[in-house]
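Encoded as structure tokens, the structure appears first; notes follow it.
The values are calculated or read from the model by the stated rules, or taken from the named source; none is laboratory data. Predicted, not measured: the structure shown is a model, and the values here were computed from it. We place every Cβ from the backbone using ideal geometry, glycine too, and count neighbours over all the protein chains shown. For the accessible areas, the whole protein counts, side chains as well, though only heavy atoms, and no ligand, DNA or RNA atoms are used. Shrake-Rupley method; radii C 1.70, N 1.55, O 1.52, S 1.80 Å.
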Amino acid sequence: MTVRRKSATLHLSVLAALVALFFILPPYHSGNLSRIMVLAIYAMGFNILFGYTGLLSLGHAMFFAAGMYGFGLSINLGGVPLPVAFLIGMASATALAAVTGFLALRTTGVAFMIVTLMFAQTAYLVVLYFGSYTRGDEGFVIQSAERIIFGIDLTTEGARYVTALLLFSACFLALARVIGSPFGRTLVAIRENEERARMLGYDTGAHKLKAMILSGLISGIAGAAYAMLFGYVGATFATVQYSIFPLLWVLLGGAGTTIGPLLGVFFMFYLIDFSSSVTTAYMLVAGVVLVLLTMFAPQGLMGEMRKRVFPWLP
């Protein structure tokens, strides 16, 4: 079996497992999995920039929030139909990523991290400044009557799970295709040795900007999906905390792997869920486990699997 066929089989098997879990899991866990799939989309967007291009952004929450607020404000203030609001959320995140990338990619290394963090903090302050529209830290709820698309009520558990699965599947397969394309291979070459890629004739600046825009778009889809499926928009999602989360998820699951983001979100979500049911010091438990994983599995769960057992893993 060729590497490409193995990869396709693996990706389709993951999606088949998610479909099967819908019929197996009780409502509590299927609801959790809906949230995990949406957050995994966000982690996949971050992974494009960090895992495959080698650019560490500390401001990705602004793209997630741009998609979320683009969607939420379009419905609450503009009264536009839900599908149009979703497209507005995607466009908002894409435009912000293009502007941020155009300016931030003039820097490299630590400077790039600081600039993206500054942009994210600016976006957060903008949300607070226009609190009369965004409701600031309090946020606002999208009414159930507005979360209906083509006659389907997205507030029900079944519709929420299926919608999350469809969005996750589309992003998952699309990004797998991108990573296997010449564009994706060029991003990996830039991550490994940008100077050599430039010497071979690749326009590394243009490729990094495209990666930034794609990363922002996917993150914006996650933000709009979160607001659409869970009905809440708040400034919390624009804070530094939500820029650090995708970094942790990707590091745990395996940077530069297509399945790593989903595995990382799943692992961290249930680690906190389980430890919080045992002790009030659940963040301490989560922190210890994360440190141990970093020490003994520095390439993440899927990264270690690729290193030790399955070298063909995408």
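Across the chain, the relative contact order, built from alpha-carbon pairs under 8 Å that are at least six residues apart, equals 31 percent. Hydrophobic, long helices, defined as DSSP H runs whose alpha-carbon span along the helix axis is 24 Å or greater and whose mean Kyte-Doolittle value is at least -1.0, occur in the chain at 3-24, 27-47, 82-104, 109-129, 157-180, 204-230, 260-278. With a cut-off of 13 Å on the backbone N, no residue of the range 97-111 is near the modelled label site 7 Å out from L128 along Cα-Cβ.
For V3 and L200, a Förster radius of 22 Å and the Cβ-Cβ distance give a FRET efficiency of 0.45, rounded to the nearest 0.05.
Take the Cα coordinates of the chain, assign each an equal point scatterer, and use the Debye formula without solvent to give log10 I(q)/I(0) at q = 0.07, 0.09, 0.11 Å⁻¹. The Cα Debye sum returns log10 ratios of -0.27, -0.45, -0.68. FRET efficiency for the pair E192 and Q241, taken as 1/(1 + (r/R0)^6) with r the Cβ-Cβ distance and R0 = 35 Å, rounds to 0.70. What separates the Cα centres of the range 8-40 and the range 227-261 is a distance of 17 Å.
Measure off 7 Å from each Cα along the Cα-to-Cβ vector at Y28 and I272, then give the distance between these two points in nanometres to one decimal. Simple spin-label model gives 1.8 nm for this pair.
For the range 59-165, the dipole from Cβ point charges (+1 on Lys and Arg, -1 on Asp and Glu) about the Cα centre works out to 280 debye, to the nearest 20. Peptide packing: for 203-210, 164-171, the average count of neighbouring Cβ atoms within 10 Å per residue gives the ranking 164-171, 203-210, highest mean first. In this calculation the C-beta distance from A98 to L12 is compared with R0 = 51 Å, giving a FRET efficiency of 0.95. Rounded, prolate or oblate: which one fits the range 117-246, using the alpha carbon gyration tensor with axes a ≥ b ≥ c (rounded when a/c is under 1.5, else prolate when a/b beats b/c, else oblate)? Cα axes put the range 117-246 in the oblate bin. Of the residues V233, V115, V3, the one with the largest accessible area comes first in the ranking V3, V115, V233, computed with a 1.4 Å probe on protein heavy atoms. Where the centre of each part is set by its Cα atoms, how far does the range 193-225 sit from the range 120-182, in angstrom? That distance is 22 Å. A full extension of the chain between E157 and V178 corresponds to an added length of 4.4 nm, given 0.36 nm per residue minus the alpha carbon distance.
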